[in-house]
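Below is one structure, written out as structure tokens; the observations come after it.
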């Protein structure tokens, strides 16, 4: 057959492919809008990954419970101590440079004392804890310590005889917990013996109080000796200062007034001298007189400026106000009568005279008021001048006295200071003498430690609850993390959304044994969910176009094990029952399977025809046990499958079969890594890609789609194989439940569980 014949056949194939438009063109539109994430989406993920979460929960709880029950019980007993803030000042007065001691520093110091090695040794010595098996160091460690002590004499402590390891063990079991916003501190001790735990906690509190009392007693004794020495020196200073002050006051005649008004000399500083007191009184009187003069002067000047009758003193005069009302009433009457009578009328004349008399009284009263204001102003002015002259006289006397008071105040301050120091030292000495004989402390035991009834560690209920919560939330987080890492396609929605490929149908998961030994699943039970699934795929293909459905179809997958052979067989069986006579071709000449499944002779097959060993009518097409369905096996495995599939004999074969069958399904090798499927895709009306739910990565599907579009292949859609109920969202699997019920009625039982199929 020449080159012209090949070109002619190619043009016929193109024209024939155009006569069968497919439902979904190559440029499948993207999803228009992003679906909103609902809470049920997260619930769906949890249901699908439930075994991951449950496994993590079981492992976590089991591990924690084993560790909890294997741990030796430890008991904790606590004593509550109240620590009042202690003022460490020996003297009542403050130093010249005051160093403020913060309360926090004091309490932090007390907490360190409670955990000090000195206090720990006191308790160990009191209770002889170094002989207890719980605190005693191992024999080997003791022997090593003894050898070290012989080599280094500074490491030995013959006075105490306490092993440092015992002290370290004691302090590791001791806990000091300050109570927030209070002066309370809780001291706890852990031990395997509950009685010993309470006993040690109470002994710690008692030893701490004894240590505090001893420290205070030593400080008090030292302070008493120092105070006695200072008191003798201060007494002599006070006597000398008082003598000098009295002598100076007598020589200068300085006399002070007591609060009651009597006179006294300068021995006490609580009074006031006569001149200063008089000067103070005159100054107050002058201030009051000046204020009175200013207010009266303002009134007088206001009256003297303009019309006296319009000033506020005159206007506020009750008599003037009454006269003005009478004048206004008379004026009103006069105006009304003037409309009737002439001014010369006797009644009008009398009314006019009455008005003139009222006006004269108003003027006289105004003058009288102005005269009184002027007299008050003149009197206030004279009193101010008199007080000012008297004050100037006493100022001179006060200045002379102030010069004498300078030295007096110096002597008085020295006397007062020495007297205060002396009184303070004397009072503190008496207090120190009393406190030296007291054994009281600013530390009290509020609650004594009691023998615990239950162990402090391990907390079984708490550990179980924490393990349960950790396992639960950790399992949920792990489930979402695994879901995040899972890049496989699990449901049709993900397939169409992420890969922009239409879904032709979904095939549910079945028992693994059935999938391995019985790939013709639809031939046994037509009412099974699988039969309905493949029937829907066939129906979808038949009605995919309004004119003509695709007649030649290629079934392939991205990689092996996706179920393409099972899908091709069962789709062909269901279409043979509804669409007429069909043919299935095993084009996988690398690992052929159809001859085994249909139980036909594999010798004369596709490879035999393509290599020219047989012709079209030489036993190439074989009958099957399925009605209306023939098969062409792969034949003998050739060394060059790709070259055979791209030959002109393959195109001639497809042209010859096209008119003989209602549909032709080709089972081909995987797409990735092989060119067989890409070659065959150019000879068919459309390609069906099989994807296994939960196993096929999205990037492999994208790569397969890219390869098919690269050769201008028409992708009919994707069959999602091996899907489980947990992979579907929002109850989509109810489609299959109705057939489960029918299957249960048919077989007498209901199938409740599914596994994955293998094809």
Open item on the list: Against the definition (loosely packed, with under 14 Cβ neighbours inside 10 Å, over 18 Å from residue 596 (Cβ atoms), touching a residue at least 24 places away in the same chain (Cβ under 8 Å) and in the same structural domain as residue 676 (by TED's automatic domain parsing)), how does residue 653 come out, yes or no?
Closed with: no
- [ ] Please go through segment 563-582 and pick out each residue that is crowded, with 24+ Cβ neighbours inside 10 Å, on the phi < 0 side of the Ramachandran plot and not in a helix (DSSP H, G or I).
- [x] 582
Task: Scope segment 341-361; condition closer than 26 Å to residue 319 by Cα, touching a helix residue (DSSP H, G or I) at 6+ places or on another chain (Cβ under 9 Å) and surrounded by fewer than 11 Cβ atoms within 10 Å (Cβ to Cβ); matching residues - done: none
Task: First in segment 335-357 and free of Cβ contacts under 8 Å to residues at least 40 places away in the same chain, second anywhere and assigned to a loop (DSSP other than H, G, I, E, B) and surrounded by 10 or more Cβ atoms within 10 Å (Cβ to Cβ), Cβ under 6 Å, 6 or more apart - done: 348/341
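Of these, 363, 331, 326, 302, which one is within 30 Å of residue 284 (Cα to Cα) and either in the same structural domain as residue 289 (by TED's automatic domain parsing) or at pLDDT 75 or above (or both)?
Values: 363 fails: within 30 Å of residue 284 (Cα to Cα); 331 fails: within 30 Å of residue 284 (Cα to Cα); 326 fails: within 30 Å of residue 284 (Cα to Cα).
The conditions single out 302.
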TODO: Quickly run through segment 104-117 and pick out the residues that are touching a helix residue (DSSP H, G or I) at 6+ places or on another chain (Cβ under 8 Å) and surrounded by fewer than 19 Cβ atoms within 10 Å (Cβ to Cβ).
DONE: 113, 115, 117
Open item on the list: I need a count of the residues in segment 373-422 that are closer than 19 Å to residue 276 by Cβ and touching a helix residue (DSSP H, G or I) at 6+ places or on another chain (Cβ under 8 Å).
Closed with: 14
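When you check residue 206 against the structure, is it more than 43 Å from the chain's Cα centre (by Cα) and either under 28 Å from residue 441 (Cβ atoms) or modelled with pLDDT of 90 or more (or both), yes or no?
On the way: more than 43 Å from the chain's Cα centre (by Cα): yes; either under 28 Å from residue 441 (Cβ atoms) or modelled with pLDDT of 90 or more (or both): yes.
Yes.
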Open item on the list: Please determine whether any residue of segment 659-682 is touching a strand residue (DSSP E or B) at 6+ places or on another chain (Cβ under 9 Å), surrounded by fewer than 19 Cβ atoms within 10 Å (Cβ to Cβ) and either over 22 Å from residue 719 (Cβ atoms) or not assigned by TED's automatic domain parsing to the domain that holds residue 538 (or both).
Closed with: yes
- [ ] Give the residues of segment 701-713 that are touching a residue at least 60 places away in the same chain (Cβ under 8 Å), out of contact with any strand residue (DSSP E or B) (no Cβ under 9 Å at 6 or more places or on another chain) and either in a helix (DSSP H, G or I) or crowded, with 19+ Cβ neighbours inside 10 Å (or both), sorted by residue number.
- [x] 702, 703
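Under 15 Å from residue 495 (Cα atoms) and touching a helix residue (DSSP H, G or I) at 6+ places or on another chain (Cβ under 8 Å): is that true of residue 671 in this structure?
no
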Open item on the list: Any residue at all in segment 537-547 that's closer than 23 Å to residue 586 by Cβ, at pLDDT 75 or above, over 52 Å from the mean Cα position of the chain (by Cα) and surrounded by 20 or more Cβ atoms within 10 Å (Cβ to Cβ)?
Closed with: yes
Open item on the list: Just to check your reading of the model, which residue among 338, 319 is at pLDDT 75 or above and in contact with a helix residue (DSSP H, G or I) (Cβ under 9 Å, 6 or more places away or on another chain)?
Closed with: 338
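The values are calculated or read from the model by the stated rules, or taken from the named source; none is laboratory data. Everything quoted here is computed from the prediction, not taken from an experiment. Because the Cβ atoms are built from the backbone with ideal geometry, glycine has one as well, and the counts that use them run over all protein chains shown.
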